[in-house]
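Here's the structure, in structure tokens; my notes come after.
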Amino acid sequence: MDDERRKQISTRYLDSVEEINRIMYSGRLHEWQGMDLSISQFNTLVMLKQMGPMRMGMISYYLRNTLAATTSIVDRLERKDLVTRSRDPEDRRVVVCELTEQGQKATERFWRVAREAALRVAGKWDLEQFESVVDALELILRTHKEIVQSGQSGQSGGSTEPTR
């Protein structure tokens, strides 16, 4: 009986997560399209925003691209003044990429759309409902962090590293 109930709750949970993702990303789709970026370019910007300056090799690893493909992506972002490259003073062979001020602003605009949508929804809840939702989200985040830290993320492709 518990297995059947867990299966039903799991289905509700996954359906809810998928729908929330659709809602949050559909509002940002217009912002992304206005940036005139490929998906790989966009993913690179988002990753640099989340993780800070990164070596070209790590960008390639996380995006699961070849180094040549990643170099091409960064070339285009650099031409758009969204990313800058520099050499590591410790090892001149290492190229470090980071967002420019314009790249920072572009990613902030993208996230702002999602934040505003989330706050519109939260504005409909009373304080008890709001706190309950935040507690549940924080539980999801803590559990995800524990899974990643333990190396048990089980992502496709056999890697335990995040893809974005």
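Read-outs throughout are calculated quantities, based only on the coordinates presented, and are distinct from any laboratory measurement. This is a predicted model, so every value here is computed, not measured. Virtual Cβ from ideal backbone geometry, glycine too; neighbours counted across all protein chains shown.
For the residue pairs K105/K145; K49/K80; K80/K145, alpha carbon separations beyond 23 Å are given by K105/K145; K80/K145. Taking only the Cα atoms of the chain, the ratio Rg/Rh comes out at 1.03, with Rh defined as the Kirkwood radius.
Comparing mean-square fluctuations of E98, E146, E116 from a GNM of the chain with C-alpha springs under 10 Å, the top value falls on E146.
In degrees from 0 to 90, rounded to the nearest 10, what is the angle of the helix 2-34 Cα long axis to the longest principal axis of the chain? Tilt of helix 2-34: around 40 degrees.
Counting beta carbons within 10 Å around each of Y61, Y13 and listing the fewest first gives the order Y13, Y61.
Axis of helix 127-150 versus longest Cα principal axis of the chain: the two differ by about 50°, to the nearest ten degrees. A straight line joining the Cα centroids of the range 115-134 and the range 57-78 runs 38 Å. Would you tally the net charge around L82, using a Cβ to Cβ cut-off of less than 13 Å, leaving L82 out, and scoring K and R as +1, D and E as -1? With Lys, Arg at +1 and Asp, Glu at -1, the net is 0. In the chain, the longest principal axis of the Cα atoms and the axis of helix 39-51 are about 80 degrees apart. Entry note, the chain: the mean residue ellipticity at 222 nm calculated from DSSP H runs of n ≥ 4, each adding -39500 (n - 2.57), is -23500 deg cm²/dmol after division by the residues and rounding to the nearest 500.
Other residues lying with their Cβ under 13 Å from the Cβ of P53 contribute a combined charge of +2, Lys and Arg counting +1, Asp and Glu -1.
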